[in-house]
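The values are calculated or read from the model by the stated rules, or taken from the named source; none is laboratory data. Not measured: the values here are computed from a predicted model. Here the Cβ positions follow ideal geometry from the backbone for every residue, glycine too, while neighbour counts run over all protein chains shown.
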Amino acid sequence: MNPSLANFILKLSPKDIFNPKPTMNTAIPLNTGATIPALGLGTWQSAPGEVKKAIIHAIEGGYRHIDCAYCYQNEDEVGEALQDVISRGIVKREDLFITSKLWCTFHTRAEEGLQKSLDLLKTPYVDLYLMHWPVPMNPKGNHPLFPKHADGSRDIDTSITHVDTWKNLEALYQSHPEKVKAIGVANYSVKYLTKLLAHSTITPAANQIENHPLLPQQEIVDFCKAKNIHITAYSPLGSTGSPLFKDAGVVDVAKKHNVGPATVLLSYHLARGSSVLAKSVTPARIDENRKLITLDDGDLEALEAIHKKNGVQRFVYPPFGVDAGFPDKPEGIDLSG
Ligand code: NDP
């Protein structure tokens, strides 16, 4: 045996062997048989002119999972970055995990929505295609992405339901397996997912939800675990400006491990069996966010205490507002009323 490998193995404790340390590319199984890398780079609000550089920097630094969406209006530049790293041999397409999302005004046009993203991303397939929100919006409204009625309320398309949209995604997945490797949902509560599962033939591979110590969403996390639906956590740092960095409970756990708050906030999801998306366009932060550690039960209890003490808080609101029946409540997006 290679002496340095033997030396490395000798230094491992039984705990390390049976509970390997989490890394950014720890492969988490999906119900399709594929795997998803533990840490993804988010691209929401990554401005044109910044996002290409951010993705190139991330992939050169080892990131293999990139979270995109048509609605972010930057997939073209994400695609330029992907083309760049692939053409320079930094990474092969098959070693990347690319997610995109079907926007609300495309619920009746799933194939068109997918093709638009594939063209912009300049990739023949996505690894995961999500229904971005369980709310169809008028495809022929006064705006291609955010249509409104004359009174300013959101132009919701009530002629179909999110279950119909899921059927469209199932058909797309079955007819174009070469273009979409897995389908899933985002922003689903237990109530919505129960409705969807009652009518689905394909179980969503993933549910991407806002998730952090101020919004643990334990109910939907447990429900998805029981149904073999992978959870991906978004806005783990508290979204714009990373407000969770200042939380005293997070700071305490970070001090205990001698790491920064980002490491604690991202590692929290791995401890729960989820993957996590962190957005940054700042090279030093993209690098910092790669560090993940094993949190122990005491750490998880300390993080669990944060929302119990301070109450739950959501940082991201759906694009349709309260007029769609969205109750401003912490337990998940629930629009059925
Ligand atoms: P995050 O919780 O990832 O926070 C992003 C903010 O934190 C930015 O302001 C960023 O600044 C800053 N930041 C990142 N790393 C650090 C660091 N190490 N130190 C200090 N500040 C830092 O928020 P997002 O809401 O963007 O969520 C992540 C991703 O999840 C999104 O980008 C998107 O891909 C996905 N998402 C999905 C949604 C859905 O509906 N499915 C909804 C919302 C998000 P800067 O960039 O300036 O460095």
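Go through segment 285-325 and give me each residue that's modelled with pLDDT of 95 or more and assigned to a loop (DSSP other than H, G, I, E, B).
Asn289, Arg290, Lys291, Leu292, Ile293, Thr294, Leu295, Asp296
Which of the following residues is more than 13 Å from the ligand (Cβ to nearest atom), in contact (Cβ under 8 Å) with a residue 24 or more places away in the chain and β-branched (Val, Ile, Thr): Ile86, Ile55, Ile59?
Going through Ile86, Ile55, Ile59 in turn, the sole match is Ile59.
Enumerate the strands (runs of 3 or more DSSP E) found wholly within segment 23-90, keeping only those where 1 or more residues are within 16 Å of the chain's Cα centre (by Cα) and among the small types (Gly, Ala, Ser).
Fully inside segment 23-90 and qualifying: 27-29, 39-42.
Take segment 187-216 and flag every residue that is small (Gly, Ala, Ser), at pLDDT 95 or above and within 16 Å of the ligand (Cβ to nearest atom).
Within segment 187-216, Ala205, Ala206 meet the criteria.
So is Glu219 farther than 19 Å from Ile98 by Cα, more than 10 Å from the ligand (Cβ to nearest atom) and out of contact with any Cys (no Cβ under 9 Å at 6 or more places or on another chain) or not?
yes
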